[in-house]
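The values are calculated or read from the model by the stated rules, or taken from the named source; none is laboratory data. No experiment lies behind these values; they were computed from the predicted model shown. For neighbour counting, all protein chains shown are included, and Cβ atoms are generated from backbone atoms with ideal geometry for every residue, glycine included.
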Amino acid sequence: MRIDNIGLYWLGHSGFLIKTDKIIYIDPYQINENSEKADIIFITHSHYDHCSFEDIKKIVKKNTKIILTADSQSKITRLSIPVEIKIVEPNKEFFIDNIKVNTIPAYNIENQGHEKTEGWVGYIIRIKNVIIYHAGDTDFIPEMNNLTGYNQKNVKFITLMPISGRFTMNIDEALEAVKKIKPFLVIPMHYGNIVGTKEDAEEFTSLCKENNIDAKILDKGIIN
């Protein structure tokens with residue numbers, strides 16, 4: 001889909017491609033061999049379905065910028081192509097090629113698997129008047145209460161929200177999160193591959209619309 005002059009595409013599971021004048025990937029997993037080479041890659045944490053060496057290897061080129069958590073670095077150092085690595089932790093703000101980025105914690109409150117102490121992240125990526133929040137693997141955490149400030153006039157705040165209920169929010173929890181955040185648009189993720197189904201995504205988007213929240217399921221792949 002296109003938002004203003006920005007292309008946003010779901011690659012399956014929690015993987016996304018953002019196309020502006022840059023080619024930007026977030027958590028690429030099981031992507032095509034002939035995928036476009038990346039200018040920037042964001043990795044939310046080190047689990048194999050988010051920091052996939054085999055998939056990152058498909059899209060890196062010389063000096064690709066890879067933004068990742070400290071525990072993900074050991075995989076990236078195996079690349080044979082020279083890349084630029086930036087290690088991040090939660091609650092930071094920085095710029096990558098004039099793109100403003102904030103990190104927000106991503107963790108489980110009750111389930112095991114994503115401890116807050118790991119320092120894993122979601123990303124808030126601002127490109128002109130479009131803000132894309134990729135939540136990473138997370139529950140509905142207190143830090144999300146601070147995201148309401150991104151829902152501003154003349155800004156399109158897009159949230160990419162996990163819904164599978166295994167190591168992330170389930171449908172009901174994700175609904176409560178977006179009711180709090182009130183984004184311009186919410187897109188479900190973390191389903192259709194390892195855990196979660198398209199039916200889960202359909203139920204989630206239906207509940208969002210019942211609560212006057214715009215929600216959209218993206219078809220997998222680069223489809224305008």
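Structure notes:
- Residues satisfying the stated conditions in the range 69-112, i.e. more than 17 Å from the chain's Cα centre (by Cα) and β-branched (Val, Ile, Thr): Ile76, Thr77, Ile81, Val83, Ile85, Ile109
- Looking across the range 48-69, not a single residue is within 16 Å of Val121 (Cβ to Cβ) and surrounded by fewer than 13 Cβ atoms within 10 Å (Cβ to Cβ).
- Subset of the range 163-214 that is modelled with pLDDT of 90 or more, more than 17 Å from Trp10 (Cα to Cα) and of a type in the set (Val, Ile, Thr) - its residue that is surrounded by the most Cβ atoms within 10 Å (Cβ to Cβ): Val178
- Check on Leu160, in contact with a helix residue (DSSP H, G or I) (Cβ under 8 Å, 6 or more places away or on another chain) and not aromatic (Phe, Trp, Tyr): no
- Residues that are outside any loop (DSSP other than H, G, I, E, B), touching a strand residue (DSSP E or B) at 6+ places or on another chain (Cβ under 6 Å) and free of Cβ contacts under 8 Å to residues at least 60 places away in the same chain, drawn from the range 160-180: Met161, Ala174, Val178
- Only one of the numbered conditions (1) touching a residue at least 24 places away in the same chain (Cβ under 8 Å); (2) under 27 Å from Phe167 (Cβ atoms); (3) not in a loop (DSSP other than H, G, I, E, B) is violated by Lys100, and that is (2).
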